[in-house]
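Novice: Okay, here's the structure, questions in a sec.
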Amino acid sequence: MTRLLGLLCLTTLVAVYAHAQAPLSYDCHRTETPIHIDGKLDDPAWQKAAWTSDFVDIEGAAKPTPRFRTRAKMLWDDQYLYIAAELEEPNVTGTLTKHDSVIFKDNDFEVFIKPLPETESYYEFEINALNTGWDLFLPKPYNEDGKSDNSWDIVGLKSAVAIQGTLNHPGDTDHGWTLEIAYPLTAFDSRQHVPAPKAGTVWRINFSRVEWTPGNPKEDNWVWSPQGVINMHVPDRWGYLHFR
């Protein structure tokens, strides 16, 4: 009986890994001109940056294709990691205005960064269409008894949102919203020393979009690099960010 249970567990694990997609990769190129953070994505430097693939369900391709398109792109210089995102959304909404609110209670965009891939620690930032942010540090994942540190703030962060439509107005059809983030490369200093990236440096990163449907108590989770499980806090499943 014990042997049979062992074989069943092994078969289940094999099935899970067979359907798990390998983490994606993104080549992040250096920009010679700083990005003006206004949420509009119209800086000439952005034209040279490639979009990520469209986001998929957090569990992967076996799940339905997301209803609305989401994609991101990145650049870097000596001061910042620049992140831009485009979120298709026919009814752009936002309610939370206080910093460090639980932003995923609104539709949101989330950034997960692990600048020291060999450690357990990582950082999270969430933003809604009102440009309200929540930043936190995780010394290790929740499922390893990690506890979030909400006292960590991204000192020097710049972020902006541009809405292609009208906010909180369900009577019309919006195109969506775009955002820009200038994430200071020194933001981690209060928690750990992170060497400045250079060409060839590799971090782990992933993005998530939480989307609520009115009347449905369960949210959708759409991500860049699929997690294979409904849990963003599995850093081994995040994508690879290659500084070029």
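Novice: Just to verify a number: what accessible area does HIS233 come out at with the full protein assembly present, 1.4 Å probe, Å² rounded to tens?
Specialist: For HIS233, solvent-accessible area is about 30 Å².
Novice: Same structure again: Just name one of PRO139, TYR183, ALA160: the one whose Cα is farthest towards the positive end of the charge dipole of the chain (beta-carbon charges, Lys/Arg +1, Asp/Glu -1).
Specialist: Value: PRO139.
Novice: Can you work out D for the chain in µm² s⁻¹ from Stokes-Einstein, where Rh is the Kirkwood radius over C-alpha pairs, the temperature is 37 °C and the viscosity is 0.692 mPa s?
Specialist: Details: Rh = 18.8 Å.
It diffuses with D of about 174 µm²/s by this estimate.
Novice: Only bridges with both residues in the chain count here: give the DSSP antiparallel percent, nearest 5.
Specialist: So the antiparallel bridges amount to about 90 percent of the total.
Novice: In whole percent, what relative contact order does segment 157-244 give with Cα contacts below 8 Å and a gap of six or more residues? The partial results should precede the final answer.
Specialist: Values: 108 pairs, mean separation 21.1, N = 88.
Computed value for segment 157-244: 24 percent relative contact order.
Novice: Ok, one more. Relative contact order, percent, of segment 113-213 when contacts are C-alpha pairs under 8 Å separated by at least 6 residues?
Specialist: Relative CO of segment 113-213 lands at 24 percent.
Novice: Under 12 Å from the Cβ of PRO34, count the other residues' Cβ atoms, weight Lys and Arg +1, Asp and Glu -1, and hand me the total. If you can, show how the numbers build up before the last one.
Specialist: Working: positive: ARG30, LYS158; negative: GLU32, ASP43, ASP77, ASP78, GLU180.
Its environment carries a net charge of -3.
Novice: Same structure again: Rounded to the nearest percent, how much of the accessible area of segment 65-140 (1.4 Å probe, protein heavy atoms only) is carbon and sulfur?
Specialist: Working: 1330 of 2690 Å².
That fraction is 50 percent.
Novice: Can you give the Rg and Dmax of segment 67-149 based on its C-alpha atoms, in angstrom?
Specialist: Both quantities, over Cα of segment 67-149: 14.4, 41 Å.
Novice: While we're on this one: Which whole-number percentage describes the relative contact order of the chain, with Cα contacts under 8 Å and a sequence gap of 6 or more?
Specialist: Values: 547 pairs, mean separation 64.8, N = 244.
Relative CO of the chain lands at 27 percent.
Novice: Could you sort the peptides 72-81, 197-206, 58-67 by per-residue average Cβ neighbour count (10 Å cutoff), highest mean leading?
Specialist: Details: 72-81: 19.8, 197-206: 16.9, 58-67: 14.6.
Put in order of decreasing packing, that is 72-81, 197-206, 58-67.
Novice: Here's something else I'd like to know. Arrange the peptides 114-126, 162-174 so that the one whose residues have, on average, the most other Cβ atoms within 10 Å appears first.
Specialist: Values: 114-126: 17.8, 162-174: 13.4.
Ranking, from highest mean packing down: 114-126, 162-174.
Novice: Ok, one more. Using a cut-off of 13 Å between beta-carbons, work out the net charge of the residues near VAL155 (Lys and Arg +1, Asp and Glu -1, VAL155 not included). All intermediate terms of the calculation are to be shown ahead of the outcome.
Specialist: Working: positive: LYS158, ARG191; negative: ASP135, ASP153, ASP189.
That works out to -1.
Novice: Ok, one more. List the aspartates and glutamates whose Cα lies under 16 Å from the Cα of LYS218, skipping any in the same chain that are fewer than 8 positions away.
Specialist: ASP57, GLU59, ASP106, ASP108
Novice: What net charge do the residues around GLY176 carry, taking every other residue with its C-beta under 14 Å from that of GLY176, with Lys and Arg at +1 and Asp and Glu at -1?
Specialist: On the way: positive: LYS40, ARG67, ARG69, ARG71, ARG209; negative: ASP54, GLU86, GLU88, GLU89, ASP108, ASP172, ASP174, GLU211.
Summing Lys/Arg as +1 and Asp/Glu as -1 gives -3.
Novice: Calculate, for segment 113-185, the solvent-accessible area per residue in square angstrom, rolling a 1.4 angstrom probe over the heavy atoms of the protein chains. All intermediate terms of the calculation are to be shown ahead of the outcome.
Specialist: Details: 3030 Å² over 73 residues.
On a per-residue basis, segment 113-185 sits at 41 Å².
Novice: Within segment 32-70, find all residues whose amide N lies under 13 Å from a label point positioned 7 Å from the Cα of HIS175 along Cα-to-beta-carbon.
Specialist: Taking a point 7 Å out along Cα→Cβ of HIS175, the residues of segment 32-70 whose backbone N falls under 13 Å are 40-42.
The values are calculated or read from the model by the stated rules, or taken from the named source; none is laboratory data. Fair warning: this is a prediction, and the values are worked out from it, not measured in the lab. Please note: Cβ atoms are built from the backbone with ideal geometry, for glycine as well, and neighbour counts cover all protein chains shown. Side chains included, ligands, DNA and RNA excluded: accessible areas come from the protein's heavy atoms. Shrake-Rupley method; radii C 1.70, N 1.55, O 1.52, S 1.80 Å.
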